[in-house]
1. Filter the stretch 47-81 down to the residues that are surrounded by fewer than 12 Cβ atoms within 10 Å (Cβ to Cβ), over 14 Å from the mean Cα position of the chain (by Cα) and not in a strand (DSSP E or B) and list them by number.
2. If a residue must be free of Cβ contacts under 8 Å to residues at least 12 places away in the same chain and part of a helix (DSSP H, G or I), how many such residues does the stretch 34-46 contain?
3. Hey, can you tell me all the residues within the stretch 110-132 that are in contact with a helix residue (DSSP H, G or I) (Cβ under 8 Å, 6 or more places away or on another chain) and more than 18 Å from residue 61 (Cβ to Cβ)?
4. For the stretch 57-67, check the following and say yes or no: at least one residue is at pLDDT below 90, over 30 Å from residue 131 (Cβ atoms) and touching a strand residue (DSSP E or B) at 6+ places or on another chain (Cβ under 7 Å).
């Protein structure tokens, strides 16, 4: 089970959720909204301390917050070295490519929420590879490094 957790990119979860939304009920419950309107539709509102102000929380907001949490965990996972980490980077790259294709080609995926999600998948790939290279470079350092240029 731990091996699957190490290989599976957690940012695929919000991508899958968005895909379910985009392919099933992207136009809202009644089918008359655009995907952008559906994501911006408030799910609930919270009264704030400032007089007359409310904070409206939408489905797009929740998806981005969920994605940020998974992105944080992915960055922590990228600090380890091993074959599971390398495989995770490869699968993360596939998730990014799928997101990019969907963003460019599919109507319900041309939203700011999905663009932010796509950028998170790109940063996951880039940060994961960079952190892994830096960690591996430290692992391969031999001796005290004196006299090496």
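The values are calculated or read from the model by the stated rules, or taken from the named source; none is laboratory data. Quick caveat, the model's predicted, so the values are computed rather than measured. Cβ coordinates were reconstructed from backbone atoms using ideal geometry, including for glycine residues, and neighbour counts include every protein chain displayed.
1. Answer for the stretch 47-81, where residues must be surrounded by fewer than 12 Cβ atoms within 10 Å (Cβ to Cβ), over 14 Å from the mean Cα position of the chain (by Cα) and not in a strand (DSSP E or B): 48, 49, 50, 51, 52, 53.
2. Number of matching residues: 1.
3. Applying the first criterion (in contact with a helix residue (DSSP H, G or I) (Cβ under 8 Å, 6 or more places away or on another chain)) to the stretch 110-132 yields 110-118, 120-125, 127-129, 131-132.
110, 121, 122, 123, 124, 125, 127, 128, 129, 131, 132, listed by residue number.
4. First, pick out the residues of the stretch 57-67 that are at pLDDT below 90: none.
For the stretch 57-67, residues at pLDDT below 90, over 30 Å from residue 131 (Cβ atoms) and touching a strand residue (DSSP E or B) at 6+ places or on another chain (Cβ under 7 Å): absent.
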